[in-house]
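Notes for the one structure printed next.
No value in this document is a laboratory result; all are computed from the given coordinates. Remember, it's a predicted structure, so these values are computed and weren't measured experimentally. All Cβ positions, glycine included, derive from the backbone under ideal geometry; neighbour counts span all protein chains shown.
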Amino acid sequence: AQRNPGQPEFLQAVTEVMESLWPFIENNPKYAEHALLERLVEPERIIQFRVSWTDDKGQVQVNRGFRIQHSMAIGPYKGGLRFHPSVNQSVLKFLAFEQTFKNALTTLPMGGGKGGSDFDPKGKSPAEVMRFCQAFVSELFRHVGPDTDVPAGDIGVGGREVGYMAGMYKKLSNTAASVFTGKGLAFGGSLIRPEATGYGTVYFAQEMLATRGQSFEGKTVSVSGSGNVAQYAVEKAMELGAKVVSVSDSSGTVYDAAGFTTEKLAILMDVKNNKYGRVNDYAKLVPGVEFLAGKRPWSIKVDVALPCATQNELDEADAKTLIANGVLCVAEGANMPSTIEAAKAFEAAGVLYAPGKASNAGGVATSGLEMSQNAARLSWPAEEVDARLLQIMKGIHAACVKYGARADGTISYIDGANIAGFVKVADAMLAQGVI
Ligand code: NDP
């Protein structure tokens, strides 16, 4: 804490991992050597820069840009860019730290990184968003490269923004190297990448449910968020026979007792992705749904909860409400949406609980598949990418079971994900010496 003052999110993420690792390292002393842990909590490099751009009124705006290059131990730095007013060094350091473990879990050769800006895309015109993206890349471009650092999207950064940034990177570097993932299909993007995080989260939850002889068929499911991850989590859960009863954003929750349909999801996607609207705008277009202003979805009685919005959106009180309502499984599509106390409450109550670094790894895994396709100058069919995604999620689940199985036969996905990710990164660090 003394070394990282004012960084509560980073300390939270590190604390959660360290609590899993202590007992493991005590039993496996080779990992206590060479200051492995001390090195792992120190990003290899932090880049912070000014982003100046001109808005539609001709006013000059100044934002802060960041790239945290956390670990290159098993491959180029890899992780998304977030554009949101809450972005600061603490948030990005927590995300880059978690990303390092998550990327290791995918088994693909990717290190960990994260970046972004405190720029708020809400209410900005498309031309302003483009100018901002170009200004951001005018500094970022010198720090990234296909074998150095490969950014992608995250909150506030979707296909449109990645396109603007990839275009500016080409212009500045005079290479067509694929240095972003999440690109459009017309210039090197992968099929299933937009769907991957949401689908992967549901695939992971399906594996968790199967450990108790259950499936999504007939289950009631709440989803928070309404962005990229949330939308495809809704789609896949519906496809597997679940009734999805909520989506949300920072203004409130839409409760739909009858459940989502394909038609309703298409309306939500149009409102969010084409009109850059709010869930309240969606609620006005769909009869029979209720808008709960300022509320999160966790008071709704469900079998499965999929938090897909942002960090710390589910606290201990929310967890207790979900538990009291009989929740069976909680799989995180977002990064660190549950507080440490909430996660502990789920595990103590015997709820199947998966931390984001395991259950949402399908997004970055498919980014890894996009990198492979780009390197081979090939484009795989959707079925092939989807099948690989499913296999990777099953593999991550198996790794969590291997390292997280308790004596009583239950599984701590927290311990499993943290230890499995750590072992891979730590072995790579040990092999490469003190650098
Ligand atoms: P989007 O920008 O597409 O959607 C973000 C959603 O979260 C929106 O509904 C947004 O609502 C809500 N949200 C954001 N900040 C807040 C906040 N402070 N309070 C309440 N709600 C908020 O982002 P993604 O869907 O890509 O990302 C969602 C989560 O998933 C993040 O935690 C991200 O790190 C994680 N993730 C994403 C991956 C990806 O491939 N995209 C991969 C792995 C993890 P509003 O519009 O009101 O802000």
Rh (Kirkwood; distinct C-alpha pairs) - region 40-138, Å
14.1 Å
Can you give the log10 of the normalised intensity I(q)/I(0) at q = 0.17 Å⁻¹, computed with Debye over equal Cα scatterers of region 117-163?
-0.52
Per 10 Å bin from zero, what fraction in whole % of the C-alpha pairs of region 202-251 is there, up to the bin with the longest pair?
27, 54, 18, 2
What helices does the chain hold that run 18 Å or longer along their axis, going by alpha-carbon atoms, with a Kyte-Doolittle average of -0.5 or more, using DSSP H for the helix calls?
8-27, 89-105, 126-140, 159-173, 193-210, 362-376, 382-404, 413-431
Past the 13 angstrom mark, what percentage of all C-alpha to C-alpha distances in region 183-224 do you count?
65 percent
Please name which of Leu292, Ala376, Gly167 has its Cα lying farthest along the dipole of the chain towards the positive end, using unit charges on Cβ (Lys, Arg +1; Asp, Glu -1) and the Cα centre as origin.
Gly167
Dividing the Cα convex hull volume of region 1-87 by residue count, how many Å³ per residue is that?
135 Å³
Could you size up the charge dipole of region 54-155 around its Cα centre, putting +1 on the beta carbon of Lys and Arg and -1 on that of Asp and Glu, and report it in debye to the nearest 20?
120 debye
Checked region 347-435 against the a/c 1.5 cut and the a/b vs b/c comparison, axes a ≥ b ≥ c from its Cα gyration tensor; verdict oblate
Cα centroid distance between region 250-298 and region 336-391, in Å?
25 Å
Over all directions, what mean area does the Cα convex hull of region 171-268 project, stated in square nanometres?
8.7 nm²
Evaluated at 37 °C and 0.692 mPa s, the Stokes-Einstein D of region 216-323 based on the Kirkwood radius over Cα pairs, in µm²/s, stands at 243 µm²/s
Given Cβ charges of +1 for Lys and Arg and -1 for Asp and Glu, the option among Gly416, Gly362, Ser338 whose Cα lies farthest towards the positive end of the dipole of region 319-435 is Gly416
Using only the alpha carbon atoms of region 271-320, find the Kirkwood hydrodynamic radius as the inverse mean reciprocal pair distance, in angstroms to one decimal.
13.0 Å
Straight-line reach from Lys78: which lysines have a Cα under 21 Å away, not including same-chain ones fewer than 8 places off?
Lys93, Lys102, Lys114, Lys170, Lys183, Lys357, Lys424
Tell me which lysines have Cα within less than 25 Å of Lys295's Cα, excluding those fewer than 8 residues away on the same chain?
Lys122, Lys219, Lys236, Lys243, Lys264, Lys272, Lys275, Lys284, Lys320, Lys344
Output needed: percent of Cα pairs per 10 Å distance bin for region 96-238, bins running from 0 to the one holding the longest distance.
10, 34, 34, 16, 6, 0
Using the 10 angstrom Cβ neighbour count as an exposure proxy, how do His143, His70 rank, fewest first?
His143, His70
Which values, in whole Å and largest first, are the semi-axes of the equivalent ellipsoid of region 276-435 obtained as the square root of 5 times each eigenvalue of the Cα gyration tensor?
31, 25, 14
What's the magnitude of the charge dipole for the chain around its Cα centre, counting Lys and Arg as +1 and Asp and Glu as -1 at the beta-carbon? Answer in Debye, nearest 20.
860 debye
In debye to the nearest 20, how big a dipole does region 178-313 give about its Cα centre with +1 on each Lys and Arg Cβ and -1 on each Asp and Glu Cβ?
200 debye
So how do 35-48, 101-114, 413-426 stack up, highest first, on mean other-Cβ count within 10 Å?
101-114, 413-426, 35-48
Give me the tail of P(r) for region 295-384 as a percent: Cα-Cα pairs with distance above 18 Å.
48 percent
Just to check, using Stokes-Einstein with a Kirkwood Rh over alpha carbon pairs, what's the diffusion coefficient of region 250-301 at 25 °C and 0.890 mPa s in µm²/s?
217 µm²/s
Ranked output for segments 403-409, 158-164, 306-312 by mean other Cβ atoms within 10 Å, highest leading, reads 306-312, 158-164, 403-409
Bins of 10 Å from zero: percent of alpha-carbon pairs in region 120-194:
20, 55, 24, 1
Proportion of all alpha-carbon pairs of the chain beyond 36 Å (%):
22 percent
Lys/Arg Cβ at +1, Asp/Glu Cβ at -1, dipole of the chain taken about the Cα centre: which of Gly433, Met393, Leu11 is farthest positive-ward?
Gly433
Taking the reciprocal of mean 1/r across every pair of different Cα atoms in region 1-44, the Kirkwood radius in Å is 11.4 Å
Kirkwood Rh over Cα pairs of region 325-373 into Stokes-Einstein at 10 °C, 1.306 mPa s: D in µm²/s?
133 µm²/s
